[in-house]
1. Suppose we keep only residues that are surrounded by 13 or more Cβ atoms within 10 Å (Cβ to Cβ) and either acidic (Asp, Glu) or farther than 30 Å from TRP94 by Cβ (or both) within segment 115-131. Which one would you say is nearest to the chain's Cα centre (by Cα)?
2. Name, by its number, the condition in (1) surrounded by 12 or more Cβ atoms within 10 Å (Cβ to Cβ); (2) within 30 Å of PHE62 (Cβ to Cβ) that does not hold for ASP98.
3. Output the residues belonging to segment 102-114 that are of a type in the set (Gly, Ala, Ser), in a loop (DSSP other than H, G, I, E, B) and surrounded by 11 or more Cβ atoms within 10 Å (Cβ to Cβ).
4. So is MET89 closer than 20 Å to ARG31 by Cβ and surrounded by 11 or more Cβ atoms within 10 Å (Cβ to Cβ) or not?
5. Can you tell me which residues in segment 79-97 are free of Cβ contacts under 8 Å to residues at least 40 places away in the same chain and among the small types (Gly, Ala, Ser)?
6. ILE52 fails exactly one of the following numbered conditions: (1) open to solvent by 90 Å² or more (accessible area, probe 1.4 Å); (2) of a type in the set (A, V, I, L, M); (3) modelled with pLDDT under 95. What is the number of that condition?
7. Write out, first by first residue and then by second, each pair whose Cβ atoms fall under 8 Å of each other, whose residues are 6+ apart or on separate chains, and whose first residue, in segment 52-78, is under 19 Å from PHE38 (Cα atoms) while the second is small (Gly, Ala, Ser) and surrounded by 13 or more Cβ atoms within 10 Å (Cβ to Cβ).
Amino acid sequence: MTSNTLKGVSLCTTLVAAMALASAAQAKPPRPAPEEIFAKLDADGDGAVTQIELEAAKAERFARADANGDGLLSQEEAAAAKEARRSEMRDAIWSRQDANGDGFLSLDEMGDGESRMMKRADADGDGAMTLEELKAAGPRGKRQ
């Protein structure tokens with residue numbers, strides 16, 4: 001390989017890594033699976049979610065957020081509740097990734113976001129992505 005080729009490969013690798021890190025830092029935590037949501041809503045476990053169960057879940061969520069118990073949510077209470085939900089989701093994601101439960105992620109436990117990026121962006125299937133393909137894939141792989 002020539003020096004320019006090596007520089008190009010190095011630059012591309014750095015760009016992909018930087019984009020993956022930036023995307024991960026800005027990305028919202030993934031939503032829970034539909035099965036998880038359904039199980040929480042189906043309070044009596046009968047396999048069906050009724051309007052009453054939905055209203056009960058809403059009331060429970062409100063009560064958790066209403067820190068002072070006055071029956072009203074302030075902006076501060078709403079923001080704190082939102083951050084608590086995000087924190088719970090981050091903890092759940094961490095627990096799923098930390099397969100051995102040691103509190104750290106190894107390279108193997110981190111997942112393979114780069115391969116997923118290649119799969120979604122490599123539109124022509126040639127094993128390489130161009131900047132145009134990456135842009136066309138858009139955020140989170142939704143082709144423009």
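The values are calculated or read from the model by the stated rules, or taken from the named source; none is laboratory data. All values derive from a computational prediction rather than experimental measurement. Note that we place each Cβ from the backbone using ideal geometry, even for glycine, and neighbour counts take in every protein chain shown. Note: accessible area is taken over every heavy atom of the protein model, side chains too, but ligands, DNA and RNA are not part of it. Shrake-Rupley method; radii C 1.70, N 1.55, O 1.52, S 1.80 Å.
1. ASP122
2. If we test ASP98 against (1) surrounded by 12 or more Cβ atoms within 10 Å (Cβ to Cβ); (2) within 30 Å of PHE62 (Cβ to Cβ), just (2) comes out false.
3. Passing the criteria: SER106, GLY111.
4. yes
5. ALA79, ALA80, ALA81, ALA84, SER87, SER95
6. Status for ILE52: all satisfied but (3).
7. GLU53/ALA43; ALA56/ALA43; ALA57/ALA43; ARG61/ALA81
Every residue, every condition in (1) part of a helix (DSSP H, G or I); (2) modelled with pLDDT under 95; (3) within 24 Å of ARG120 (Cα to Cα), yes or no:
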{"site": "ASN4", "(1), (2), (3)": "yes, yes, no"}
{"site": "THR14", "(1), (2), (3)": "yes, yes, yes"}
{"site": "SER23", "(1), (2), (3)": "yes, yes, yes"}
{"site": "PRO29", "(1), (2), (3)": "no, yes, yes"}
{"site": "GLU35", "(1), (2), (3)": "yes, yes, no"}
{"site": "GLY47", "(1), (2), (3)": "no, yes, no"}
{"site": "ARG90", "(1), (2), (3)": "yes, yes, no"}
{"site": "ASN100", "(1), (2), (3)": "no, yes, no"}
